[in-house]
Amino acid sequence: MTQALPSENVAGAGCLAVVAATVAGGLIFSFVIGRDLLSGLSAIPFVLTMALPVGMPIALFHVFLIGIPAYWLIGRHSRLRWWSAALAGLLVGGVPIPVLMLFGGVSNGELGEDALFLAACGMVGGLTFWAVLRRGARLNEKGGPLPDRPFE
C-alpha cells in the first residue's frame, strides 16, 4: 500500500509551481508572438523578462488562494495523482480570470484564448506541484531528509 503525499513541503511545492507556471506562460507567449520557431526563440529573453513581474502575482494568487486549498480538499477524499494534479491545475489556472473577464465585458474570442493560455500555465503548475510533493515522499520513504528540512 502506498502512502499519501506528505504535506510538509506544500509551501515549497507551491512556490515552484508559481515559477513553473510563470515560465511556461512566458515560453508559450514567446512562440505565439513569434509565429515561427526562430522568431519565438529570439523573443524568449524579452518575454520572460516581461512575464515574470506580471505573471508571478497572478500565479501566486492562483496557487496559494485556490490551488493549495484544492490540494487539501483532494487529499481528504483521495490521493493526489499526476492526472488529478494536471486537471486541478488546468481548472485553477483556466477558470478564475476568464470568469472575472466575462463579467468585465470581454469578447468571447479573447476570452477563449486567454482561458486556454491560463489553463496551460495552470496545468504546468499543477504537475510541478505534484512532482515536488512526489519527490519529497520518495525521499521520506528512503529515509533521506525532506527538502524543507535539510539540517535534521
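Positive end of the dipole of the range 20-129 (Cβ unit charges, origin at the Cα centre): among F31, A70, A51, the Cα lying farthest that way belongs to A70. Net charge in the neighbourhood of A88 (other residues with Cβ under 15 Å of its Cβ; Lys, Arg +1, Asp, Glu -1) is +4.
At full extension, L87 and S42 could sit 13.1 nm farther apart than now, given 0.36 nm per residue minus the alpha carbon distance.
Computed from the coordinates by the stated procedures, all read-outs in this text should not be read as laboratory data. Fair warning: this is a prediction, and the values are worked out from it, not measured in the lab. As a convention, Cβ positions derive from the backbone with ideal geometry for all residues, glycine included, and neighbour counts pool all protein chains shown.
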